[in-house]
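Take a look at the structure below.
The values are calculated or read from the model by the stated rules, or taken from the named source; none is laboratory data. Computed from a prediction, not measured in an experiment: that's the story for all the values here. Neighbour counts run over all protein chains shown; Cβ positions are idealised from the backbone, glycine included.
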Amino acid sequence: MNQNRRWLNDYEFESIDIITEKKTQSLIGQVQAVRYEEQAGKTLKVTILFADTSGFVASMPIRSGDRVRLKIKHGSVSDEPFEFSEKRKNELIIAEIAGDSGDTKRELFSIVCITRSTLNNHTTRVIKRYKGKITDSVQKIFKEVLEVDSSRVNIPHPAMNEYTFTGNFQVPLKQISRLAAKCMGESDGGNSAEKGSCGYILTEGERKGYQFFSVDKQIKEKEEFTYTQEPAKSATKVNNFSVVNQPVVTTSHDIVKKLMVGQYKSANWYYNIVDHTPHFVEYSYKNSKLPSANEDQYVPNGIDDKYSRIFLNVLDLGAMTEKKAELRSSAESVAWRQAHATARLQSLFSQTLEVTIPMNLSLRVGSILKFEFPRLNKKSKGVNPQSGNYMVAKIAHVFGDPQGDYTGLSLVRDSFAFYSE
């Protein structure tokens, strides 16, 4: 990858076509801006702003449901362009037309686009009974119900736990999101009911399609890029991997809020509706086995001597076997996982980092990035504790900004660095 290219102004629209029943019309000359959004737990969205100067909207009406072909070249992706097309099996569909305004010389309007599989999610239902590993069931739902091409489904981490359930006429993506919270990835050093408890993330992106991956496994991956914030701005130095704007760190250290959600210690009471038995799990955040050294695992002033929250829930076992011995064993495992996953995710997302960087279209939700921030009022290369590896939880690419073309990121992390001289 050529790091000397100026990624701030390096994109080229190759095609932006509206495909109606009657004809295909190129609007590449009337595009004002394009915004691409990808987020953990949600499907992608593309918003395109047009300035119509030739009466196209009146002569060839655009309707929701029309297809859109979009292709953009950029220096950050040298292997293939950033593209939505029938050939790539990710063609866009207009979901909404908004912002109609203008004057006698031009008309401004924007279209909000989603992929066809996202649209199909509202017209299909999960009906069958599924059993076995959760990741296998998710693969089948994508293929059999949503009819997503196998090349657009990426499940890199096999599940360690099984779950038998019936679809109950749920929409596919809602069913998969429900399964994501119950899915446990394989753990280092062997599998057990007490490991791999953070659950999975479902997301959709342009490059890899649908991703369904383990948070605990993904957050251990090696960083793909390193972004450095210089102690002082330079008018001559071009750094494609610099942080463009001042990073914003959102940290939740409100101890009352943490007590209200039972993060430090909680009592979890579950009722098994299958065999009418109660299950009790007392969760301690301090004693939980996190996969990395999270500084926020420190609990001050014995605040966790008593639990601060009692959760009353129904134990979600799915359509389990009728053998009561196995059922009871599974119930205990599920109760522990449900309690652990709740606190684990609260810890992971208790701090987010919002940054803006030069556009990088190769990034996606789940990408691991390393950030190096300078120490306050220091010119040395010592490490700021905010430095370290982060996982992308939300991403937005914006084309057409007068100041340059940027990528906005919302990141989370699981471990912290320390000051070093």
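Residues in the range 60-83 that are closer than 19 Å to ASP405 by Cβ, of a type in the set (Gly, Ala, Ser) and surrounded by fewer than 19 Cβ atoms within 10 Å (Cβ to Cβ): SER78 alone.
Comparison of ALA232, ALA193 shows that the only residue that is surrounded by fewer than 17 Cβ atoms within 10 Å (Cβ to Cβ) and either more than 27 Å from LYS370 (Cβ to Cβ) or at pLDDT below 90 (or both) is ALA232. Here the condition is being at pLDDT below 75, under 23 Å from ILE155 (Cβ atoms) and β-branched (Val, Ile, Thr); of VAL392, VAL334, VAL412, it holds for VAL334 alone. When the range 122-173 is filtered for residues that are more than 21 Å from ARG337 (Cβ to Cβ) and free of Cβ contacts under 8 Å to residues at least 24 places away in the same chain, the ones remaining, listed by number, are THR123, GLN139, LYS140, LYS143, GLU144, SER150. Taking the criterion of being aliphatic (A, V, I, L, M) and surrounded by fewer than 16 Cβ atoms within 10 Å (Cβ to Cβ), the only residue of the range 10-32 that qualifies is ILE28. One residue stands out among those in the range 18-40 that are polar (S, T, N, Q) and either part of a strand (DSSP E or B) or touching a residue at least 40 places away in the same chain (Cβ under 8 Å) (or both): the one that is farthest from LEU70 (Cα to Cα), which is GLN39. Quick one: would you say GLY65 is among the small types (Gly, Ala, Ser) and closer than 19 Å to LEU361 by Cα? No, not satisfied.
Looking only at residues in the range 245-281 that are closer than 28 Å to GLY408 by Cα and at pLDDT 80 or above, which one is surrounded by the most Cβ atoms within 10 Å (Cβ to Cβ)? Within the range 245-281, the match that is surrounded by the most Cβ atoms within 10 Å (Cβ to Cβ) is PRO247.
I'd like the full set of residues that are more than 17 Å from TYR200 (Cα to Cα) and either touching a His at 6+ places or on another chain (Cβ under 8 Å) or polar (S, T, N, Q) (or both), limited to the range 145-163. SER150, SER151, listed by residue number. With respect to (1) of a type in the set (A, V, I, L, M, F, W, C); (2) modelled with pLDDT of 90 or more; (3) outside the structural domain of THR47 (by TED's automatic domain parsing); (4) crowded, with 22+ Cβ neighbours inside 10 Å, the lone exception for CYS198 is condition (2).
Rundown of residues vs (1) modelled with pLDDT under 90; (2) farther than 12 Å from ILE18 by Cβ; (3) assigned by TED's automatic domain parsing to the domain that holds LYS174, yes/no style:
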residue: ILE48; (1), (2), (3): no, no, no
residue: ILE62; (1), (2), (3): yes, no, no
residue: ASP66; (1), (2), (3): no, no, no
residue: ARG69; (1), (2), (3): no, no, no
residue: GLY75; (1), (2), (3): yes, yes, no
residue: PRO81; (1), (2), (3): yes, yes, no
residue: ARG88; (1), (2), (3): no, yes, no
residue: ILE94; (1), (2), (3): no, no, no
residue: SER101; (1), (2), (3): yes, yes, no
